[in-house]
Amino acid sequence: MAVSGLDEAVIVTAEAGTFYLTDTNNNRVLTIPAEDLKPGTLCACIGSLNEFAKVDLATGFVTAIVPNLNAPHGLVFIPSGNDNNQGDDNGGGNEQ
């Protein structure tokens, strides 16, 4: 299904890594390890569908990666083997 109004979005930069996203109204942060990714793929939180999904850039169609969320927001992708806390602007560790 094609959708508009993507909330948070990231472009995958490696073949493996971890996504972190907030499932806001369920008061949790999800850690989603992923492998066999295609660099350049767009992944996004889609609040109107309450899911985290892969977006086909040619068609706008989405494929759910994690469905049944409740107000997904705050998405970051950390490639495997990356130890420099890219998702942390203040130099501290990543809290979960």
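Some notes on this structure:
- Lone unmet requirement of (1) in a strand (DSSP E or B); (2) closer than 20 Å to Glu15 by Cα for Gly74: (2)
- The range 27-48 residues that are free of Cβ contacts under 8 Å to residues at least 12 places away in the same chain, paired with ones that are surrounded by 15 or more Cβ atoms within 10 Å (Cβ to Cβ) and in a strand (DSSP E or B) (beta carbon under 8 Å, 6 or more apart): Arg28/Thr22
- Contacts under 8 angstrom Cβ, first residue in the range 58-71 being touching a residue at least 40 places away in the same chain (Cβ under 8 Å) and closer than 17 Å to Leu30 by Cβ, partner in a loop (DSSP other than H, G, I, E, B) and not aliphatic (A, V, I, L, M), 6 or more apart: Leu69/Asn50; Asn70/Asn50; Ala71/Gly47; Ala71/Asn50
- A count restricted to the range 1-23 and to residues that are more than 13 Å from the chain's Cα centre (by Cα), under 15 Å from Ala64 (Cβ atoms) and without any contact (Cβ under 8 Å) to a residue 60 or more places away in the chain stands at 1.
- Residue in the range 75-92 that is touching a Leu at 6+ places or on another chain (Cβ under 9 Å) and modelled with pLDDT under 95 present: no
- Within the range 26-50, being closer than 11 Å to Leu6 by Cβ and not in a loop (DSSP other than H, G, I, E, B) holds for Leu42, Cys43, Ala44, Cys45, Ile46.
- Considering residues of the range 24-40 that are within 11 Å of the chain's Cα centre (by Cα) and buried (at least 16 other Cβ atoms within 10 Å of the Cβ) only, the residue nearest to Leu75 (Cα to Cα): Leu30
The values are calculated or read from the model by the stated rules, or taken from the named source; none is laboratory data. A quick note: this is a predicted structure, and the numbers were derived from the prediction, not measured. Here Cβ is always computed from backbone atoms with ideal geometry, including for glycine, and neighbour counts include all displayed protein chains.
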